[in-house]
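Participant: Dropping a structure here in structure tokens format, bear with me for questions.
The values are calculated or read from the model by the stated rules, or taken from the named source; none is laboratory data. Treat the numbers as computed from the prediction; the structure is a model and nothing was measured. Note that we place each Cβ from the backbone using ideal geometry, even for glycine, and neighbour counts take in every protein chain shown.
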Amino acid sequence: MIATLESERLEWSPTKTERQVVFSRRKHILICDDDQIYIKKFIKNHSNHYDIEFISDPSELQHKLGNLNYKPDLILLDLFYKKDDAVDSVVHEVDSKLDQIERDYRALRPKVDETYEPRGLFMLADLHKYNLQIPVAVTTQRGIMLLKDDEMKELEQNKGHWLLRKRDLTPQMEKMRLDSIIRQSYADYRLGEFEAIVRYLKYALIVSWIVLVSIIGCMGPI
């Protein structure tokens, strides 16, 4: 079932049988975002891999979830929305300046490459080789915006977390993020250990079965 965008809305209502088949092999993503350009791009890039549905109004989210007869595998939320009482001229000014900041960042990237290198990613890759089962977070103030695709891929593949070094970040909020990284990593490690035990038991059961069959074969008919 491929997601399609029609008249700026995503129309997708499979039958129960279709949903059972689709969800046995695909994941479902629900997006809450008012940026139609981003929505179209996201659907174009990912509809071959996920079933995608979206809403543009945050106030509709809980109602939407309450009316779904399935559970999305992931919900994506846009961070900033225009205030209801925002003045259009001010909105246009802010958007123009934000667009300019993004252009400036892209233009600055070659100079950044001449001056800095993501050495934190190199250290992360080295630590990942040792399988220490210790969470590692990359701290940065603006670096996330400057990372290239292959560098972001490296961060994900080496199971790196991130911690934004905002100048106005309170110690309480920073501690909340640190605790979250530690809890999430601990849960992931325990799950990994459980899966390893299950794999070992399956292997042991197969070997035991082969040995038993071999013994019975050697004994011959009684």
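Participant: Kindly provide the set of residues from the stretch 166-214 that are modelled with pLDDT under 80 and among the acidic types (Asp, Glu), ordered by number.
Facilitator: The answer is Asp168, Asp188, Glu193, Glu195.
Participant: Report those helices (runs of 4 or more DSSP H) wholly inside the stretch 109-222 carrying at least 1 residues which are in contact with a Gly (Cβ under 6 Å, 6 or more places away or on another chain). If you could, list the steps in order and put the result at the bottom.
Facilitator: Working: elements: 119-129, 143-146, 149-157, 171-219.
Correct list: 119-129.
Participant: Which of the following residues is out of contact with any helix residue (DSSP H, G or I) (no Cβ under 6 Å at 6 or more places or on another chain), surrounded by 10 or more Cβ atoms within 10 Å (Cβ to Cβ) and touching a residue at least 40 places away in the same chain (Cβ under 8 Å): Asp95, Asp57, Asp78? I'd like the intermediate steps shown before the answer.
Facilitator: Values: Asp95 fails: touching a residue at least 40 places away in the same chain (Cβ under 8 Å); Asp57 fails: touching a residue at least 40 places away in the same chain (Cβ under 8 Å).
Exactly one of Asp95, Asp57, Asp78 is out of contact with any helix residue (DSSP H, G or I) (no Cβ under 6 Å at 6 or more places or on another chain), surrounded by 10 or more Cβ atoms within 10 Å (Cβ to Cβ) and touching a residue at least 40 places away in the same chain (Cβ under 8 Å), namely Asp78.
Participant: Right, another one. Against the definition (loosely packed, with under 10 Cβ neighbours inside 10 Å, under 23 Å from the mean Cα position of the chain (by Cα) and basic (Lys, Arg)), how does Lys129 come out, yes or no?
Facilitator: Working: loosely packed, with under 10 Cβ neighbours inside 10 Å: yes; under 23 Å from the mean Cα position of the chain (by Cα): yes; basic (Lys, Arg): yes.
So Lys129 passes the test.
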